[in-house]
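None of the figures in this text is laboratory data; all of them are computed from the coordinates on show. Quick caveat, the model's predicted, so the values are computed rather than measured. Cβ sites come from the backbone with ideal geometry, for glycine too, and all protein chains shown count toward neighbours.
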Amino acid sequence: MKKIGFIPFRKGSKGIFQKNKRKMVGRPLFTWVLGEAIFSSLDEVYVYTDDIDIIDFITKEYHWTTKVKALLRSDESATDTASTESAMLEFCESINYDFDVFCLLQATSPFTTRNDINSCLDKLNTEYDSALTVVNTHRFLWDKNGKAINYNPLERPRRQDFEGLLIENGAIYTITKEALKKHKNRIGSHVALVQMPEDSLHEIDSESDWIVVENLLIERQKKLKVSEKITHVVLDVDGVFTDGTITYTKDGEHTKSFDMRDGMGLEILRQFDIEVMVMTSEQSELVAKRMEKLKINHLYLGVKDKYSLLQHIILEQHISINNVAYLGDDVNDLSNICSVGWSLSPNNATDDVKRHADVVLSKNSGAGAISEACQFILNYNKRF
C-alpha cells in the first residue's frame with residue numbers, strides 16, 4: 001500500500017511576511033512538518049509550492065533521503081482564493097493518482113509529530129475511509145445570540161469533570177484514494193479522529209502568535225530531554241571552532257583561525273570511544289582540510305536543516321538523541337540546542353543560544369571553548 005504525504009503552501013503570506021520559510025527555533029517553519037513526515041511511515045512526501053527558492057532548498061538539503069520531492073504548483077492553485085482541495089486535486093491528477101493513501105499536512109503546524117501522522121494512517125481500514133486530527137478543548141462556547149453551546153451555565157461543571165469539545169486543528173488529514181476521488185475532499189464519509197495536544201490548536205497569524213508558538217515548541221523539546229551517557233558529540237564550525245570571523249580576498253574565503261587546544265580535546269574524547277561529528281551550514285574547503293587534519297571523518301557541509309539531518313543520523317546509528325551532545329553558537333543551531341541530551345555554547349554565542357543551552361562555557365569560541373566542552377563531557381560521563 002503506497003502512502004504519500006502532501007504539504008501545500010504558497011509563497012505569499014498576509015499576516016506574517018514569508019511565514020512558511022521564516023525560521024522558527026532556528027529552522028524554516030515548514031521543515032518542522034516536513035522532517036516529521038520524512039521519519040513517519042509515509043512512503044513519499046511531496047512539497048507543492050509556487051516558491052522556486054523552496055524547491056531549490058529541498059533539492060539541495062534533503063539529498064540524504066529519497067522520500068522528499070518538491071513540485072511547482074500552478075499559479076491558478078496558488079491564489080488567495082484557491083482552496084486547498086483545488087491544489088490537492090491538481091496534484092493528484094498530475095501524478096495520475098499514483099497512491100493508495102493520501103495524507104494532507106499543514107506546513108504551519110510545527111507541533112505535528114511522526115507519531116501523529118502514523119496514528120492517522122493506522123486509522124484507515126474497512127471501518128474508516130479518512131481520519132483527521134483534533135484537540136479536546138475545555139473552553140465554554142457561546143453563540144452570537146448569547147446562548148451556551150456546550151454546557152449548561154446554571155450547572156457549570158468543574159474543568160476536571162467537563163468532557164469538552166473536539167475541534168479540528170487542521171494539522172493532518174488522511175484519506176483513501178477511492179474516497180478522495182469520490183468526494184473530491186480531504187474528508188470521506190467515515191471519519192476517524194486522532195487527538196493531538198492542546199498546544200497544537202494555536203494558529204500562527206500574527207507576530208504575537210509566532211512568539212507564543214515558538215516558546216511552546218522550545219519547551220516541548222526541552223521536556224523530552226533525558227540524562228543518558230554521551231556517545232556522540234556534534235559541533236558547528238564558525239563561532240565554535242573559530243571566533244566567527246572570516247578573512248576574504250577578491251578570490252573568496254581566505255583564512256579561518258582554529259585553536260590547537262580544541263583539536264587535542266577532541267582527540268581525547270575519541271580515546272574514550274565518543275564519536276565526533278561536525279555539521280556546518282557553510283561549504284568551505286578550509287573547514288574540510290582542517291577536519292581532515294583532525295581526523296574527523298563525519299563532516300557535513302552546507303547543512304541548512306541541522307535538526308532533520310541529526311534525526312537521520314540518530315536513526316542510522318541506532319542511538320537516542322539523549323546520547324548526543326551539541327555545541328553551537330547561532331540561531332541555526334537552536335533546534336538541536338533545545339533537543340539533544342546536553343547542549344553547550346561558547347561564552348560569546350548569541351543571546352538566544354545561551355539562553356537555551358544547558359551549559360554556557362566560560363571560554364569563547366576559537367579560544368578553548370571546545371576543549372572546555374570536552375572536559376565537561378568526560379566528567380559528566382563518569383557517572384555512567
When the Debye formula is applied to the Cα atoms of region 149-244, each taken as the same point scatterer, what base-10 log of I(q)/I(0) results at q = 0.18 Å⁻¹?
-1.10
Using θ = phi - 60° and the Karplus form 6.51 cos²θ - 1.76 cosθ + 1.60, what ³J(HN,Hα) does each residue of region 271-287 get, whole Hz, x for Gly and Pro?
5, 9, 6, 9, 7, 10, 10, 10, 9, 9, 7, 8, 9, 9, 5, 4, 5
log₁₀ I(q)/I(0) of region 173-299 at q = 0.21 Å⁻¹, via Debye over equal Cα point scatterers, no solvent, to two decimals?
-1.17
Taking every DSSP beta bridge with both residues inside region 1-142, roughly what % is antiparallel (nearest 5)?
10 percent
When all alpha-carbon pairs of region 232-381 are counted, what percent fall beyond 26 Å?
16 percent
Region 1-106, dipole about Cα centre (Lys/Arg Cβ +1, Asp/Glu Cβ -1), debye to the nearest 20:
600 debye
Ordered by residue, what ³J(HN,Hα) values in Hz, to whole numbers, does region 213-228 give under the Karplus form 6.51 cos²θ - 1.76 cosθ + 1.60, where θ = phi - 60° and Gly and Pro are x?
5, 4, 5, 5, 5, 4, 5, 4, 4, 5, 5, 7, 5, 9, 6, 9
If amide H atoms are modeled at 1.01 Å from N in the peptide plane, then the residues at a separation of 5 or more from Y300, or on another chain, having amide H under 5 Å from its own are V278, M279, T280
Roughly what % antiparallel, to the nearest 5, for the DSSP beta bridges in region 232-381?
15 percent
For region 242-316, compute the number of Lys pairs whose alpha carbons are separated by less than 23 Å, excluding pairs fewer than 8 positions apart on the same chain.
9
Helix-only mean residue ellipticity at 222 nm, the chain, DSSP H runs n ≥ 4 weighted -39,500 (n - 2.57), per residue, nearest 500. What is it?
-9500 deg cm²/dmol
Please work out the C-alpha center-to-center distance from region 238-302 to region 154-196 and express it in whole Å.
50 Å
If you place +1 on the Cβ of every Lys and Arg and -1 on the Cβ of every Asp and Glu, how big does the dipole about the Cα centre of the chain come out, in debye to the nearest 20?
600 debye
Which translational diffusion coefficient, to the nearest whole µm²/s, is obtained for the chain from the Stokes-Einstein equation, given a Kirkwood hydrodynamic radius over C-alpha pairs, 4 °C and 1.567 mPa s?
56 µm²/s
Fully extended contour minus Cα-Cα distance, from T247 to S362, at 0.36 nm per residue
38.8 nm
When only C-alpha pairs under 8 Å and at least 6 residues apart count, what is the relative contact order of the chain, in percent?
15 percent
State the extension gain, in nm to one decimal, for the chain segment bounded by S320 and D143, taking 0.36 nm per residue of separation less the distance between their alpha-carbons.
58.9 nm
Furthest towards positive pole of dipole, G263, F241, V226, structure part region 212-288, Cβ charges:
V226
Taking θ = phi - 60°, what integer Hz values does the Karplus form 6.51 cos²θ - 1.76 cosθ + 1.60 yield along region 171-183, in sequence order, with x for Gly and Pro?
7, 9, 9, 10, 7, 6, 4, 4, 5, 5, 5, 6, 8
Per 5 angstrom bin, beginning at 0 and ending with the bin that holds the maximum distance, the Cα pairs of region 3-223 fall in percents of 1, 6, 13, 17, 18, 17, 12, 7, 4, 2, 1, 0, 0
With +1 at each Lys and Arg Cβ and -1 at each Asp and Glu Cβ, the charge dipole magnitude of region 3-223 around its Cα centre, to the nearest 20 debye, comes out at 440 debye
Run the Debye formula on the Cα coordinates of region 2-92, all scatterers equal and no solvent, and tell me log10 I(q)/I(0) at q = 0.10, 0.19, 0.25 1/Å.
-0.25, -0.92, -1.44
What stretch of the chain, leaving out the sites themselves, is the longest with no GluC sites (Glu not before Pro) in a DSSP loop having at most 14 other Cβ atoms within 10 Å?
204-384
Segment D98-L378, length gained on full extension (0.36 nm per residue, minus Cα span)
95.6 nm
Dividing the mean separation of Cα pairs under 8 Å (6+ apart) by the residue count of region 3-223 yields a relative contact order in percent of 23 percent
Expressed as a rounded percentage, what relative contact order does region 45-140 have, with Cα pairs under 8 Å and six or more residues apart?
18 percent
